[in-house]
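One structure below.
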Amino acid sequence: MWDLGRQLPDYYGEDPAAMTVWKKQDLKKLAWEKFDNTDIFFVKVSDLMSIVANTPHLQNIRLSVGYRELLESESQVSTFATSQKWRGDPDAHRYHGFAPRNKYYLNGEFVGEDLPVLSQTSKTPFPEVRVPRRGLVQVFPDDPEYSRICMEQGLSHLVKNRQSSPYSSSTEMGSSPTSQSMSLQARATMNGMNGHLEPDLAKEEAASINGGSSLNGINSPSF
């Protein structure tokens, strides 16, 4: 009932994703009370879906059918255990030892189901691309201490690859004022100043980068 209401526009009056947990529980309880007051009967899923296909207000709505087993005796109430009859199904192996989950139907046609997802495991850590770090923060090649940190952390091959690259020297020597100013802003953020430099330091670095002028030839404003 709850899933049906989520697919109907403005059925709950607001976005279900923005509701509080308590409001969701109240709506689910109210939906169950309405369902419990109806004449409940048992019917095959195939028979129900044949009716859904010919019911206008249920068309283009994805229906989920959950697997549940009824208790066979009162003794199962205290143990919360069922007989797990699904294990006798011929295709039970595809659940990998778990109970069946939801199956989904659209306009009476089966469109999918929830199945366990396989994951890769390993007794040893998976290989990773190591990068130089200052604490937990990655150090990038444009950092002045990049080479030193690489050597200290056993990543000298990164420095050698960087030196052998035909673009590394030209990039460093011919970096534009725009890229330098971006680097300046990045350093300010890393220093914990929230992007704001100390006034005296900002004036000195701005003067050294732009030569006292901005890109448009206008004197740079004071910080």
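The values are calculated or read from the model by the stated rules, or taken from the named source; none is laboratory data. Everything quoted here is computed from the prediction, not taken from an experiment. Here Cβ is always computed from backbone atoms with ideal geometry, including for glycine, and neighbour counts include all displayed protein chains.
Spot the failing condition for Val77; the list is (1) surrounded by 10 or more Cβ atoms within 10 Å (Cβ to Cβ); (2) of a type in the set (Val, Ile, Thr); (3) part of a helix (DSSP H, G or I), and only one is missed. Here Val77 meets the rest and fails (1). One residue stands out in segment 58-85 among those that are of a type in the set (Lys, Arg) and under 21 Å from Gly5 (Cβ atoms): the one that is modelled with the highest pLDDT, namely Arg62.
Quick one: is Phe42 within 30 Å of Tyr12 (Cα to Cα), not small (Gly, Ala, Ser) and not in a loop (DSSP other than H, G, I, E, B)?
No, not satisfied.
Let's see how each residue does on (1) more than 30 Å from Tyr11 (Cβ to Cβ); (2) in a loop (DSSP other than H, G, I, E, B):
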site	(1), (2)
Leu71	yes, yes
Ala81	yes, yes
Pro90	yes, yes
Arg94	yes, no
Gly97	yes, yes
Arg101	no, yes
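Which residues, counting only those in segment 100-144, are among the aromatic types (Phe, Trp, Tyr) and surrounded by 10 or more Cβ atoms within 10 Å (Cβ to Cβ)? Those that are among the aromatic types (Phe, Trp, Tyr) and surrounded by 10 or more Cβ atoms within 10 Å (Cβ to Cβ): Tyr104, Tyr105, Phe110, Phe140.
Any residue at all in segment 22-44 that's without any contact (Cβ under 8 Å) to a residue 60 or more places away in the chain, surrounded by 10 or more Cβ atoms within 10 Å (Cβ to Cβ), touching a strand residue (DSSP E or B) at 6+ places or on another chain (Cβ under 8 Å) and of a type in the set (A, V, I, L, M)? No: segment 22-44 contains no residue that is without any contact (Cβ under 8 Å) to a residue 60 or more places away in the chain, surrounded by 10 or more Cβ atoms within 10 Å (Cβ to Cβ), touching a strand residue (DSSP E or B) at 6+ places or on another chain (Cβ under 8 Å) and of a type in the set (A, V, I, L, M). May I ask you to list the residues in segment 91-121 that are under 23 Å from the mean Cα position of the chain (by Cα) and polar (S, T, N, Q)? If the condition is that a residue be under 23 Å from the mean Cα position of the chain (by Cα) and polar (S, T, N, Q), then Asn102, Ser119, Gln120, Thr121 are the ones that fit. Take the residues in segment 25-57 that are at pLDDT 80 or above and charged (D, E, K, R); name whichever of them is nearest to the chain's Cα centre (by Cα). The selected residue is Asp26. Determine whether segment 164-185 contains at least one residue that is at pLDDT 85 or above and surrounded by 13 or more Cβ atoms within 10 Å (Cβ to Cβ). Scanning segment 164-185, I find no residue that is at pLDDT 85 or above and surrounded by 13 or more Cβ atoms within 10 Å (Cβ to Cβ), so the answer is no.
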